[in-house]
Amino acid sequence: MSWSGGHLQRPEGLLRVIKRLKWGIVWLFVGASFLVFLWTLRHSHFAPDPLLERYLQLASSVLAFTFAANALVRFRGMHDRITLILAFAFGLAGLIEMGANLAPTLTGPSLTVPLAWMVSRTLLAILLVAALLVDRNLPLSREPNKEIAWALLIVGAVSYLTSVVFFAVPATPKIYPHAFIPRPWDLLPAAIYMIAAVGFWKRLAHLDSLLDHALFLCCAANVACHIAMSQSSMRFDAASGAAQFFEATGYAIVLAGALLDNAKLFDQVSHLAISDPLTGLANYRRLLEVMEAELQRAQRTGRGFAVLLLDLDGLKKINDNYGHLVGSQALKRLANVLRYHCRGMDTAARYGGDEFALVLPEAEEAVAVQVAHRIRKRLLEDGLEPRISVSAGVAVFPRDGLTIEKLLHSADNALYAMKANRNLEDGESLLDNPLGKQGAGEWQSAERGKRRTNR
């Protein structure tokens with residue numbers, strides 16, 4: 001224990017022990033409940049319809065194929081080897097189960113374990129563990145096309161060896177109805193799935209995506225599947241039906257996790273496509289889209305809008321005196337003011353370099369000028385060093401232009417006219433300014449040209 005500010009704090013090690021104890025109690029309760037469930041299944045006289053079990057097998061195969069296709073697409077986008085191995089693993093497992101599902105239906109009870117079931121389930125478990133090992137040592141791929149061929153070759157070799165092991169067994173795996181564990185062979189894939197579940201559980205400590213959570217739950221569901229199947233005393237009984245249900249549930253969970261994670265990634269990519277990576281504001285492309293929408297709305301309703309261009313003063317001096325990191329922080333400070341001190345209907349964007357734009361729907365020039373003064377005041381009052389300020393230029397539709405180009409050009413002229421006047425008022429005499437007042441327009445054009453190269 002330690003004291004900090006008059007409060008008693010628990011050591012980090014104790015908190016970790018408490019957390020592990022809490023999860024241990026949770027899993028102990030889950031395990032005890034599952035054992036009670038297995039005992040109920042073992043002594044149940046309910047026998048599911050073989051047709052229902054075929055439907056569950058078919059559903060599992062379709063879910064496995066769908067996830068495999070989804071994982072392959074994800075690999076093409078993210079180049080992570082784990083999804084490539086998972087794609088082939090689930091695809092191959094689904095293919096084997098689909099082939100077994102097309103075999104003739106047994107007319108009576110059988111006391112032998114289907115080899116297709118053992119091969120597909122064990123193969124998937126082994127490849128899940130292999131995916132964890134590959135992700136730990138070689139997570140990303142540099143040549144996706146070649147990796148697909150190599151992964152297909154490796155998965156094919158693993159599946160062939162797995163099949164050889166099971167088909168080389170002299171006696172076909174049998175079911176012992178009166179034994180404590182009627183199907184002991186199913187404990188083998190259950191143990192491998194348990195290893196995979198522990199691996200994905202530990203992986204969640206540094207990766208917290210929906211897909212990783214789904215993979216852990218899928219492995220846990222497959223552990224439950226094979227433990228339940230180990231209690232099946234004949235080919236079709238309550239335990240067997242429950243096992244098939246756990247299998248389909250595991251596939252559904254991993255597919256749902258992949259789809260939700262892909263949707264999240266799609267949202268992130270969409271946001272990055274229209275936002276500036278440094279400030280998080282809208283980028284130039286998004287600015288043009290918003291202005292185009294405002295033009296159409298203004299032409300339709302007859303109510304105009306204003307465009308406010310802002311230029312961070314003295315960014316080059318800040319970079320030279322304090323470093324580029326401080327200069328980037330200055331840009332973020334201005335972006336935060338624009339983000340939190342504007343109306344919800346306004347759109348703030350990084351126009352290029354040290355220039356920002358603010359689109360003000362249904363606003364006149366007086367409103368835009370008031371917004372500019374408020375932004376300058378907020379920057380002066382933020383209490384951070386170095387102190388920063390901005391110059392601003394306003395353009396109003398339709399007075400200053402009827403197109404995006406003309407509006408931006410008008411606001412740009414107003415902005416650089418303000419900067420030229422401020423430079424002269426801040427002590428730059430006509431002798432210090434070789435251009436003089438008559439050369440202010442040339443100075444503005446030169447400055448605009450420099451900034452356009454940074455956009």
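Taking θ as phi - 60° and the Karplus parameters 6.51, -1.76 and 1.60, the scalar couplings of the range 54-71 work out to 5, 4, 5, 5, 5, 5, 4, 5, 5, 4, 5, 4, 5, 5, 4, 5, 5, 5 Hz in sequence order, x denoting glycine and proline. Computed from phi, the 3J(HN,Hα) profile of the range 19-28 under the Karplus parametrisation 6.51, -1.76, 1.60 (θ = phi - 60°) reads 5, 5, 5, 4, 5, x, 5, 4, 5, 5 Hz, with x in place of Gly and Pro. Alpha-carbon geometry of the chain: the Rg and the Dmax are 33.2, 107 Å, given in that order. Taking the average, over residues, of other Cβ atoms within 10 Å as the packing measure, peptides 26-34, 208-216, 226-234 rank 226-234, 208-216, 26-34 from highest down. Distances between placed amide hydrogens fall under 5 Å for Val390 paired with Asp313, all partners being 5 or more residues away or on another chain. Within the set of other residues whose C-beta is less than 15 Å from the C-beta of Val198, count the net charge using Lys and Arg as +1 and Asp and Glu as -1. Result for the neighbourhood of Val198: +2.
Taking θ as phi - 60° and the Karplus parameters 6.51, -1.76 and 1.60, the scalar couplings of the range 112-127 work out to 10, 7, x, 5, 4, 5, 5, 5, 5, 6, 5, 4, 4, 4, 4, 6 Hz in sequence order, x denoting glycine and proline.
Model label sites at Glu143 and Ser389, defined 7 Å from Cα along the beta-carbon direction, differ in position by 5.9 nm. Taking the C-alpha atoms only, the angle from helix 404-425 to the longest principal axis of the chain is near 60 degrees.
Maximal additional length on extending the Ala205-Trp150 stretch stands at 16.8 nm, based on 0.36 nm per residue less the C-alpha distance. Exposure proxy ranking for Ile274, Ile318, Ile82, based on other Cβ atoms within 10 angstrom of each Cβ and starting from the fewest, stands as Ile274, Ile318, Ile82. Under a 5 Å amide H cut-off, with hydrogens placed 1.01 Å from N, Thr347 pairs with Val359 among residues at least 5 apart or on other chains. Amide H contacts of Ala47 (H built 1.01 Å from N, in plane; Pro and chain starts excluded): no residue 5 or more places away or on another chain comes under 5 Å. Ranked by how many other Cβ atoms sit within 10 Å of their own Cβ, fewest first, the residues Tyr340, Tyr322 fall in the order Tyr340, Tyr322. Among Phe167, Phe305, Phe245, a tally of other beta-carbon atoms within 10 Å of each Cβ gives an order, fewest to most, of Phe167, Phe245, Phe305. All other residues whose Cβ lies under 9 angstrom from that of Phe236 are scored, Lys and Arg at +1 and Asp and Glu at -1, for a net of -2.
Bear in mind these aren't lab numbers, they're just calculated from the coordinates by the rules spelled out. Everything numeric here is computed off the predicted structure, so don't read it as measured data. Reconstructed Cβ throughout: ideal geometry from the backbone, glycine too, with neighbour counts over all protein chains shown.
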